[in-house]
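The values are calculated or read from the model by the stated rules, or taken from the named source; none is laboratory data. Note that the coordinates shown come from a computational prediction; the quantities given were computed from them, not determined experimentally. Protein only, heavy atoms only, side chains kept; ligands, DNA and RNA dropped before computing areas. Shrake-Rupley method; radii C 1.70, N 1.55, O 1.52, S 1.80 Å.
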Amino acid sequence: MKEPEFTAESRHYEEALAASADILAMAEELAAARPDTYRPDLAAALGSHGALLARAGRREEALAPIERSVAVHREPAAPHPGARREPLAASLGALAGLLAALERYAPAREAAEESVELYARLAREDPAVHLPALAAGLSGLAAVLDALGEPRAARRASRRAARIRLRLARDIGGPLRPGVNSPAAPGA
């Protein structure tokens, strides 16, 4: 199932949203017919639609599909129950970011902390793949903690993210990229 191409520069929000809504409707039908096979696609379509709504400036409207994406990822997966940890972590990170943008910092913190916890477990299993997402999640958590008036906790999360980014640059040889594995991400 291919997602519609969308770039912020194109500004074709309504066209992109219509295409995204069509994909979401197809994903709903497929997931209703074969949930064990198509639930991950439904969750992905929900997350993409919510992200598109948020980029279009419709953050309040974006909240419902992103929350539903998290809920669908939480549903048990019959063939491979552990396979949904990474998409769940990503959906929780997206939810945390949207809630923070809406200045709902307490629920943003909960989502960010759960996302970081999942990414930390994943990073123990495969550091090269999951450490960049863990660092990004920690930076997001740091921003939320700072907004909640917890500067010490924010600094701890930010320092942990910085250590991970430095490790990536040294051990994995990855380039320092802002927001992914740079020593100081914006807002961290």
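Just name the residue that is least open to solvent (accessible area, probe 1.4 Å) out of those in region 95-127 that are at negative phi and not in a helix (DSSP H, G or I).
If we take residues in region 95-127 being at negative phi and not in a helix (DSSP H, G or I), then L102 is least open to solvent (accessible area, probe 1.4 Å).
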Q. Of all residues in region 42-65 being open to solvent by 40 Å² or more (accessible area, probe 1.4 Å) and at pLDDT below 95, which is nearest to the chain's Cα centre (by Cα)?
A. R55
Q.
Going residue by residue through region 3-12, is there one that turns out to be among the polar types (S, T, N, Q), open to solvent by 60 Å² or more (accessible area, probe 1.4 Å) and modelled with pLDDT under 90?
A. yes
Q) Which numbered condition trips up D171, out of (1) over 13 Å from the mean Cα position of the chain (by Cα); (2) modelled with pLDDT of 95 or more; (3) acidic (D, E); (4) assigned to a helix (DSSP H, G or I)? A) (2)
